[in-house]
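**Student:** Quick one: the structure is below, questions incoming.
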Amino acid sequence: MIVVTGATGNVGGELVSALAAQGRPVRAVAREPERVTRRAGVEVVAGDLNRPDSLKEALTGARSLFLLGGFPDMPGVLAQARAAGVAHVVLLSSRSVVGGRPDNAVVAMHLTGEAALRESGPGWTVLRPSGFMSNTFEWREPLLRGDVTIRSPFADVPIAAIDPFDIAAAAAAVLGDEEHFGRAYSLSGPAALLPADRLAVLAELLGRPLRLEAVPDDVAREEMSRTTPARYVDAFFRFFSDGEFDDTAVLPTVAELTGRPPRSFRGWAREHLAEFRR
């Protein structure tokens, strides 16, 4: 049995679908299990990574676990996995840990999770993706309103963003395979794109004129601070405004793990176009 946490998320949802399509037994875990799309061969169980004790049922009889990173009690979650007899944990981390500064809150969060994983006992594998193409969903509301001008912070920062479909494919390839125990893989999409590049693809596919408006750093910081803790706002500005992290490298890892190249942003946009169309 393979347990997938975050089953309603961009990566977890794709992974549940991939494993089910391969005929592998999968148990989808979510805080709101009613939101998980029901599929043949998929068991759905409630569980909350913020409360490790809530995972006992989900982990019972599991051999492999796909685990989202960034939760406050990763040692507690991993202790539950160890007690249940899980033999392999695949952790979703971040490419920012490679050369990132540990006093950056985002880097520290993922470094802490990785350290807990290495010390936890079961076989482990770490996936470190670049930024997600699905972050483009932040433009969904203005596009559905019919806005022509789309605002974006860090407009001059290219990112080799990856389709969550490819992260899931990489996870499916390594789960339960001892060849990948004790290894960490950095993942990227096929090209480093600016926000304006992504918007141009959406404009073409939607058949609408769209333009990007760069949000000044001071305005972006104020707007982000309304919903995001200050330490994470600072982390993002250190990454993208101060140049502390370069997320432009295009890596061969997805192809090496899955046997095919990563999907393009155009492919991702076509897949989700209805979600941006009025």
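**Student:** Residues in the range 216-236: is at least one under 29 Å from ALA173 (Cα atoms) and either touching a residue at least 60 places away in the same chain (Cβ under 8 Å) or touching a strand residue (DSSP E or B) at 6+ places or on another chain (Cβ under 7 Å) (or both)?
**Tutor:** Looking through the range 216-236, none of the residues is under 29 Å from ALA173 (Cα atoms) and either touching a residue at least 60 places away in the same chain (Cβ under 8 Å) or touching a strand residue (DSSP E or B) at 6+ places or on another chain (Cβ under 7 Å) (or both).
**Student:** Within the range 115-132, does at least one residue satisfy the condition of being farther than 30 Å from GLY189 by Cβ, surrounded by 19 or more Cβ atoms within 10 Å (Cβ to Cβ) and not polar (S, T, N, Q)?
**Tutor:** There is no residue in the range 115-132 that is farther than 30 Å from GLY189 by Cβ, surrounded by 19 or more Cβ atoms within 10 Å (Cβ to Cβ) and not polar (S, T, N, Q).
**Student:** For a quick check of your reading: which strands (runs of 3 or more DSSP E) sit entirely within the range 75-169 and have at least 2 residues that are under 22 Å from GLU223 (Cβ atoms)?
**Tutor:** The qualifying strands (runs of 3 or more DSSP E) are 149-152.
**Student:** Run down PHE154, PHE137 and say which single residue is closer than 30 Å to LEU202 by Cβ, surrounded by fewer than 19 Cβ atoms within 10 Å (Cβ to Cβ), in contact (Cβ under 8 Å) with a residue 60 or more places away in the chain and in contact with a Pro (Cβ under 8 Å, 6 or more places away or on another chain). Reasoning before the result, please.
**Tutor:** Working: PHE137 fails: in contact with a Pro (Cβ under 8 Å, 6 or more places away or on another chain).
None of the others qualify; the one that does is PHE154.
**Student:** So which residues in the range 185-220 are over 15 Å from ALA160 (Cα atoms) and either in contact with a His (Cβ under 9 Å, 6 or more places away or on another chain) or assigned to a loop (DSSP other than H, G, I, E, B) (or both), if there are any at all?
**Tutor:** Once the filter is applied, which keeps residues that are over 15 Å from ALA160 (Cα atoms) and either in contact with a His (Cβ under 9 Å, 6 or more places away or on another chain) or assigned to a loop (DSSP other than H, G, I, E, B) (or both), the range 185-220 yields GLY207, ARG208, PRO209, LEU210, VAL215, PRO216.
**Student:** Mind listing just one residue for me: the one in the range 231-245 that is of a type in the set (Phe, Trp, Tyr) and assigned to a helix (DSSP H, G or I) and, of those, surrounded by the fewest Cβ atoms within 10 Å (Cβ to Cβ)?
**Tutor:** By that ranking, first place goes to TYR232.
**Student:** Restricting to the range 14-46, and then to whatever is of a type in the set (Gly, Ala, Ser) and modelled with pLDDT of 90 or more, can you tell me which residue is nearest to ASP166 (Cα to Cα)?
**Tutor:** ALA18
**Student:** Kindly check whether there is at least one residue in the range 35-58 that is acidic (Asp, Glu) and part of a strand (DSSP E or B).
**Tutor:** Yes, the range 35-58 contains at least one residue that is acidic (Asp, Glu) and part of a strand (DSSP E or B).
**Student:** Given the conditions (1) modelled with pLDDT under 95; (2) more than 22 Å from PRO252 (Cα to Cα); (3) surrounded by fewer than 18 Cβ atoms within 10 Å (Cβ to Cβ), which single one is not true for ASP177?
**Tutor:** Among (1) modelled with pLDDT under 95; (2) more than 22 Å from PRO252 (Cα to Cα); (3) surrounded by fewer than 18 Cβ atoms within 10 Å (Cβ to Cβ), ASP177 violates only (2).
**Student:** Does THR125 count as within 22 Å of ILE159 (Cβ to Cβ), among the β-branched types (Val, Ile, Thr) and modelled with pLDDT of 95 or more?
**Tutor:** no
Table: residues versus (1) under 22 Å from ASP177 (Cβ atoms); (2) acidic (Asp, Glu).
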| position | (1), (2) |
| --- | --- |
| GLY69 | yes, no |
| MET74 | no, no |
| VAL90 | yes, no |
| SER93 | yes, no |
| GLY99 | no, no |
| ALA105 | no, no |
| GLU119 | yes, yes |
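**Student:** Given the structure, is THR248 within 23 Å of ARG140 (Cα to Cα), surrounded by fewer than 17 Cβ atoms within 10 Å (Cβ to Cβ), at pLDDT below 95 and of a type in the set (Val, Ile, Thr)?
**Tutor:** On the way: within 23 Å of ARG140 (Cα to Cα): no; surrounded by fewer than 17 Cβ atoms within 10 Å (Cβ to Cβ): yes; at pLDDT below 95: yes; of a type in the set (Val, Ile, Thr): yes.
Against the criterion (within 23 Å of ARG140 (Cα to Cα), surrounded by fewer than 17 Cβ atoms within 10 Å (Cβ to Cβ), at pLDDT below 95 and of a type in the set (Val, Ile, Thr)), THR248 does not qualify.
The values are calculated or read from the model by the stated rules, or taken from the named source; none is laboratory data. Bear in mind that the values here come from a model prediction, so they are computed numbers and not experimental data. Quick reminder, even Gly has a Cβ in these numbers, built from the backbone with ideal geometry, and neighbours come from all protein chains shown.
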